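J.: One structure, as structure tokens, below. Some questions next.
The values are calculated or read from the model by the stated rules, or taken from the named source; none is laboratory data. Note that this is a predicted model, so its numbers are computed, not measured. Glycine also receives a Cβ, built like all others from the backbone with ideal geometry; neighbour counts cover every protein chain displayed. Just so you know, the surface numbers come from the protein's heavy atoms only, side chains and all, with ligands and any DNA or RNA stripped out. Shrake-Rupley method; radii C 1.70, N 1.55, O 1.52, S 1.80 Å.
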Amino acid sequence: MTRIWIRCLALMLFALPLQVQGAEQVKLKYTQTLYADAGGVALRHPEGVTCTDDKLFVVDSGNKRIVRYSYKNGVVTPETTFSLPKMYPLMVQVSNQGDLYVLDGKDRKISILSPDGGPKGSLDAKGVPGVQKIVPRSFQIARDGSIALLDIFSERVLMLDDSGKFLRQIPFPEDVGFCSDLAVDRHGTVYLLDSVKAVVYKAGKGEEKFTALTLGMKDNMNFPTSLATDNRGNIYLVDQYGSGLAIIGLDGSFLGRKLGMGWSDSHLYYPTEISISEAGEIFIADRGNNRVQQFVVAE
């Protein structure tokens, strides 16, 4: 127990100076915390979270399941669960048809479930040039139904249509550290996150090359692992090792850090993924605290 507290104290001291960097231009308001499903079964190490217009899906990795919540006017209510006993689910995306695409951290493949949780096969990339082995680290279903897949084996982002057919590929920039996540905004721009160097890259719709959007931001964050864009023109980065949230503008400017390490509401401990609704509600998978927290940008 003593060792655990010493480690936590060290993390707090390490993260503390990062919280004072940057201009505080975006204000977050804490809304609520989700701890369990409709039956009261507690979440355990949730790795992923994603939201649609009226649903919230939590990847309850430690319990090998997905928990679905209804979502209306900012109020989240637990509905049902989908058990995945043969997987270690890491993240989920929802297609325009309502199917669930689930990344399995054990087999590194993307399985497809129907809206009611029934199996529908897997996402198989077709017609991909070059090395045929694909190891997905992250993916996102864009507004038009296309799929952006982060392939860490061949160091590229694959763009596929909704059937898995190859459309194009965007190679990682040279000298990257480790790319852990991507996001596609409403205009089709792809953002790529280098966690080691804390750099965000971008490629516009139809472009086949990434360019740096930011400089290295190691002075402002430790190890960001997830990013998402909102409709206000901001990019949110979950700093997993720094247990916080960093925000940058679409021009690459640093807009400040939010939250911080801890166990009370509006604090994080080893957060893993962020999802932002069309209405601007922000959901963060707070893995170390076995919960999901909800925020909104304050006016």
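J.: Consider VAL59 carefully, then state whether it is in a strand (DSSP E or B), among the hydrophobic types (A, V, I, L, M, F, W, C) and either touching a Phe, Trp or Tyr at 6+ places or on another chain (Cβ under 8 Å) or more than 23 Å from LEU259 (Cα to Cα) (or both).
T.: Numbers: in a strand (DSSP E or B): yes; among the hydrophobic types (A, V, I, L, M, F, W, C): yes; either touching a Phe, Trp or Tyr at 6+ places or on another chain (Cβ under 8 Å) or more than 23 Å from LEU259 (Cα to Cα) (or both): no.
In short, no.
J.: What's the number of the condition SER243 fails, among (1) touching a residue at least 60 places away in the same chain (Cβ under 8 Å); (2) open to solvent by 40 Å² or more (accessible area, probe 1.4 Å)?
T.: Status for SER243: all satisfied but (2).
J.: Of the residues SER163, SER226, which is out of contact with any helix residue (DSSP H, G or I) (no Cβ under 8 Å at 6 or more places or on another chain), polar (S, T, N, Q) and outside any strand (DSSP E or B)?
T.: Exactly one of SER163, SER226 is out of contact with any helix residue (DSSP H, G or I) (no Cβ under 8 Å at 6 or more places or on another chain), polar (S, T, N, Q) and outside any strand (DSSP E or B), namely SER163.
J.: Kindly indicate which of LYS205, LYS209 is open to solvent by 20 Å² or more (accessible area, probe 1.4 Å), among the charged types (D, E, K, R), without any contact (Cβ under 8 Å) to a residue 24 or more places away in the chain and not in a strand (DSSP E or B). Walk me through it before giving the result.
T.: Values: LYS209 fails: without any contact (Cβ under 8 Å) to a residue 24 or more places away in the chain.
Testing whether each residue is open to solvent by 20 Å² or more (accessible area, probe 1.4 Å), among the charged types (D, E, K, R), without any contact (Cβ under 8 Å) to a residue 24 or more places away in the chain and not in a strand (DSSP E or B) leaves just LYS205.
J.: While we're on this one: Kindly list the number of the only condition in (1) within 24 Å of MET159 (Cα to Cα); (2) in contact with a strand residue (DSSP E or B) (Cβ under 6 Å, 6 or more places away or on another chain); (3) part of a loop (DSSP other than H, G, I, E, B) that fails for GLY188.
T.: (2)
J.: Would you tally the residues in segment 269-281 being modelled with pLDDT of 95 or more and hydrophobic (A, V, I, L, M, F, W, C)?
T.: Summing the residues that are modelled with pLDDT of 95 or more and hydrophobic (A, V, I, L, M, F, W, C) in segment 269-281 gives 1.
J.: Anything in segment 212-229 that is of a type in the set (Gly, Ala, Ser) and either surrounded by 23 or more Cβ atoms within 10 Å (Cβ to Cβ) or within 28 Å of PRO46 (Cα to Cα) (or both)? List them, or say none. Write out each step before concluding.
T.: Residues of segment 212-229 of a type in the set (Gly, Ala, Ser): 212, 216, 226, 228.
Scanning segment 212-229 gives SER226, ALA228.
J.: Let me ask something else. Quick one: what pairs do we get from segment 164-176, first residue touching a residue at least 24 places away in the same chain (Cβ under 8 Å), second surrounded by 14 or more Cβ atoms within 10 Å (Cβ to Cβ) and small (Gly, Ala, Ser), C-beta under 6 Å, 6+ apart or different chains?
T.: GLY164/ALA125; ILE170/ALA203
J.: A further question follows. Within segment 262-291, restricting attention to residues that are under 25 Å from LYS72 (Cβ atoms) and of a type in the set (Val, Ile, Thr), which residue is most open to solvent (accessible area, probe 1.4 Å)?
T.: For segment 262-291, the residue satisfying everything is ILE276.
J.: Please find, within segment 170-190, the residue that is least open to solvent (accessible area, probe 1.4 Å) out of those that are of a type in the set (Val, Ile, Thr) and closer than 16 Å to GLN93 by Cβ. Show your work before the answer.
T.: Just the residues of segment 170-190 that are of a type in the set (Val, Ile, Thr), to begin with: 170, 176, 184, 189-190.
Restricting the remaining residues to those that are closer than 16 Å to GLN93 by Cβ gives 184, 190.
Values: VAL184: 16, VAL190: 0 Å².
Among those residues, the one meeting the criterion is VAL190.
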